[in-house]
1. Kindly express, to the nearest 10 degrees and within the range 0 to 90, the angle between helix 13-32's C-alpha long axis and the longest C-alpha principal axis of the chain.
2. What is the gain in length, in nm to one decimal, between residue 337 and residue 410 on full extension, counting 0.36 nm per residue of separation less the C-alpha to C-alpha distance?
3. Hey, rough spin-label estimate for residue 394 and residue 248, points 7 angstrom out along Cα→Cβ, what's it come to in nanometres?
4. Tell me, what is the Rg over Rh of the stretch 320-393, with Rh the Kirkwood radius over Cα pairs?
5. Using 0.36 nm times the number of residues separating residue 115 and residue 236, minus their current alpha carbon distance, what extension gain do you get?
6. For the chain, what does -39500 (n - 2.57) per DSSP helix run (n ≥ 4), summed and divided by total residues, give at 222 nm, in deg cm²/dmol to the nearest 500?
7. Sorted from largest to smallest, which semi-axis lengths in Å does the alpha carbon gyration tensor of the stretch 251-345 give for its equivalent ellipsoid, taking the root of 5 times each eigenvalue?
8. Would you mind checking the stretch 376-413 for residues with the amide N under 19 Å from a putative spin-label position 7 Å along Cα→C-beta of residue 356?
Ligand code: HAM
């Protein structure tokens, strides 16, 4: 039997409706903040991710799925090296949405100098070659936003407020959510801080793992996230970024926190929160659900240098993304229904000889926008009623020989089993009124 790829999931039934609801909620909420939907291609040039996410990140070094056409793959296997490939032949499936959106913003000049900010949101599949486990997939789905052209700390606070409202609308009990925030500094103060952390790791080289020593070379801040307990213990004594911010970054961070306080959003300051993508500057944040064991259900931050890294003019930016599958797991644990309510449904039941009458009735109901189900297997009336229950129909239209001869339909309320007859000419209006 053919099987799906490990670490991927099929979205169907209630799970698909849950994903659709997540996108609908995003469209409504983010739309009210002025965000328009965008969809960028699932494949991009590798360079887009290398420039944006950072060459030294795990996402780029180990987790990107590379894409080759069959013909190109054959050539590669023959030559034994990809060194002859042009940039446009080096392709990868997107591991996240930000780099592609920023690439599109540069390519189409979304934010000409001096123009007002551009706000976009997306709901898309992402791909990372990670070891599959609970809440960690190789193809997963994110809803995210990117806000380009805003430097104001009010934008950081609004992004976070909007994110927390999103979780609430999706059904989370807000008291179970932990929002962690930090400031990572900027081009003025981060390089010196990185050096301090590197020196600290080298000063403790005996106690640190091999990976951390390698990280010290290329990306020392990643050691704050090392899985090794001994390294974590050492890193607890490491210099903290918030003690080493320049005046501008300290002021920016203070204002973000003041806005969050004013909005009544509670947060935990975590000076060791560094995130796994290199493009962040200043504000970063992550959200976890207490006791869920699924990891972060969302995260984001500011990336004021990313537009330039992707070849554009200096333009500040910020955003976040939330993971659908992790949210679904955490919501399920809280007993919340993720899929929301389905539209009310009517079922048109009939005896076999009245099949044609059902055809016209269902056509008229569907053209009027009513969710309508019917039988296509010649089942008995009794099993059609059972099927109607299964479909969640609150109303049945029954068409038998007597009804058709008299030009009427019987309407059966599926919860009370009460029945009334209505003229066929007013069937659509009657059904709509009762479903409403
Ligand atoms: P990220 O923290 O890498 O950020 O991913 C955001 C969310 O996607 C995570 O919090 C998690 O819920 C989900 N996620 C990540 N990896 C996986 C996985 N392998 N399986 C299941 N869920 C996963 C970003 O992607 C940034 N682009 C967010 C951002 C937007 N920053 C600024 N703008």
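Coordinate-derived values only; no laboratory data. As the structure is a computational prediction, the values presented were derived from the model and not from experiment. Here the Cβ is made from the backbone with ideal geometry for all residues, glycine too, and neighbour counts use every protein chain on show.
1. Between the helix axis and the principal axis of the chain, the angle is about 60 degrees.
2. Extra length available between residue 337 and residue 410 comes to 22.9 nm.
3. Here the answer is 5.7 nm between the modelled labels.
4. Here Rg/Rh amounts to 1.20.
5. Length gained between residue 115 and residue 236: 39.2 nm.
6. -11500 deg cm²/dmol
7. So the three semi-axes of the stretch 251-345 are 30, 18, 15 Å.
8. Inside the label zone: 376-378, 399-409.
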